[in-house]
1. Per residue of the chain, what 222 nm ellipticity follows from adding -39500 (n - 2.57) for every DSSP H run with n ≥ 4, rounded to the nearest 500?
2. When the Cα centres of the range 135-151 and the range 71-96 are compared, how far apart do they sit, in Å?
3. Give me the number: length gained by fully extending residue 19 to residue 222, i.e. 0.36 nm times residue separation minus the C-alpha to C-alpha distance, one decimal in nm.
4. Can you pull the one-decimal nm distance between simple spin-label points at residue 72 and residue 213, each 7 Å off the Cα toward Cβ?
5. With each label point set 7 Å from Cα along the Cα-Cβ vector, what nm distance links residue 38 and residue 257?
6. Can you give me the three principal axis dimensions of the range 108-193 from its C-alpha atoms, in Å, biggest first?
7. First measure r as the distance between the Cβ atoms of residue 135 and residue 96, then evaluate 1/(1 + (r/R0)^6) with R0 = 30 Å and state the FRET efficiency to the nearest 0.05.
8. Calculate the length of the line joining the C-alpha centroid of the range 175-249 to that of the range 1-22, in whole Å.
């Protein structure tokens with residue numbers, strides 16, 4: 001039996017990225033296929049931003065992945081409010097459906113679980129970045145640190161109730177969290193990733209060097225990203241990226257019984 005995944009599209013990549021790497025469905029398909037080419041799955045996109053569309057029969061899915069977005073998760077917009085309410089309902093009522101939040105998706109999940117997302121004082125985190133892992137994060141990823149592509153200046157200051165921190169950086173201390181199918185469960189030495197319902201990362205495991213470099217150049221050209229931040233990201237462009245081999249594989253272990 002193959003895994004069935006709903007991809008909640010929270011934005012569209014900029015034209016220069018789409019020209020080379022496609023839309024977010026293509027980009028996440030690349031991550032999932034490269035991480036575990038042996039696993040059969042389907043990835044069904046839902047435009048939750050422009051069309052506010054959602055699955056008609058959610059129980060046919062094993063997981064929902066929420067993409068990144070240039071929007072801010074704290075904005076009082078109809079589509080964001082609907083998304084937060086929908087994800088809160090799934091988290092509460094359907095513990096068998098895995099929820100995977102990437103960047104903006106991480107922030108939406110935090111809000112859905114009663115937390116908040118706020119501006120980070122104008123501080124950007126851009127390009128490949130080393131994340132120091134918590135004890136729980138080290139259990140999941142099997143190493144003390146991971147490198148992940150970043151592209152954000154909002155953050156989640158606190159880990160939501162019943163969730164467990166995965167790692168930190170000096171700019172954004174909450175770099176992701178997990179919650180178990182049973183929220184009362186605490187991490188243990190024999191941690192089974194299939195017992196995790198919610199998994200989030202502030203970074204972008206689906207982003208490649210080419211994608212990030214394209215976005216950095218575009219945002220620096222318009223002044224959205226300042227010169228120093230852009231130059232720092234360019235200097236780190238060739239750093240090792242754990243998006244596929246480490247983070248992608250963990251996502252599969254959470255989603256699929258075959259992983």
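The numbers here are math on the coordinates, done by the rules we state, and not lab data. Keep in mind it's a predicted model, so treat the numbers as computed, not measured. In this analysis, Cβ positions are derived from the backbone assuming ideal geometry, glycine residues included, and neighbour counts consider all displayed protein chains.
1. Roughly -9000 deg cm²/dmol at 222 nm, from the helical runs in the chain.
2. For the range 135-151 versus the range 71-96, the Cα centre distance is 26 Å.
3. 71.1 nm
4. It is 3.2 nm.
5. Between residue 38 and residue 257, the label points sit 1.8 nm apart.
6. Cα extents, longest axis first: 39, 30, 15 Å.
7. After rounding, the FRET efficiency stands at 0.65.
8. Here the answer is 16 Å between Cα centres.
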